[in-house]
Every structure is written in structure tokens, then in C-alpha cells.
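Please treat every number below as a calculation from the coordinates, not as lab data. Predicted model only: the values in this text are computed from it and were never measured. Every residue, glycine among them, receives a Cβ derived from its backbone with ideal geometry; neighbour counts consider all protein chains shown.
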Amino acid sequence: MPDKLVGRAVQVHVVGSEVRMAHFGEVVATHDLVAPGESSIKDEHYGGARRPPRRKPRPRTPAEKAICALGRWARPS
């Protein structure tokens, strides 16, 4: 959703494999339909690439701790 519409009412429609958001009848965003728990984010909704998080990861499970133990090799490129 474009950040200019945060907090506003929009209509959400699923059409085939696409999710469409409309504001007063005008389609303002489309995203691919993804599985539950996944996300479909478009950088252009935020004015360009998003900044990486400022906080350090907080691993909780043994698997998360093992990945973080890899150090910089575990970071996305």
C-alpha cells in the first residue's frame, strides 16, 4: 500500500493471482497473491529502496541462533 494512504480506508480485491487495493474506486496498488505468512512488498510504495533495520537481530530459537552465528555471511546481499 502506498504510504500516502496509511490510515485510510481502502477496498481490497483478489483477482486471479493478484491483490488489488482501491481508494474511491481507483486502483492504487497491486501485489502478487502470496501464501499465508509471506509478504509482497514493493519499494516504490516507499519512495525507493527501504533502509535496513537499525536494530540487531534477536535470535530466539536454536536455528535462528545458528544462522546469526554465521555473522556477516548470513546477511542478505
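Once the Cα-Cα distance is subtracted from the 0.36 nm per residue extended length, the residue 4 to residue 54 segment shows a gain of 15.7 nm. Mind checking which of 35, 66, 49 has the largest fluctuation in a GNM of the chain, springs on alpha carbons under 10 Å? Per the Cα network of the chain with a 10 Å cutoff, 66 tops the list. For the chain, the list of chymotrypsin sites (Phe, Trp or Tyr not before Pro) that fall in a loop by DSSP and count at most 14 other C-beta atoms within 10 angstrom reads 24. If you find the alpha carbon centre of region 18-77 and of region 1-16, how far apart are they in angstrom? About 17 Å separates the Cα centre of region 18-77 from the one of region 1-16. Once backbone amide H atoms are built at 1.01 Å from N, residue 28 has 21, 22, 23 as its partners under 5 Å, excluding neighbours fewer than 5 places away on the same chain.
In region 1-48, the ratio of gyration radius to Kirkwood radius, Rg to Rh, stands at 0.95 when only Cα atoms are counted.
Dividing the convex hull volume of the alpha-carbon atoms in region 18-77 by its residue count gives 145 Å³ per residue.
For region 1-68, the set of GluC sites (Glu not before Pro) satisfying both a DSSP loop assignment and a count of at most 13 other C-beta atoms within 10 Å is given as 38. Dipole magnitude for the chain: computed about the Cα centre from +1 point charges on Lys and Arg Cβ and -1 point charges on Asp and Glu Cβ, it is near 760 debye.
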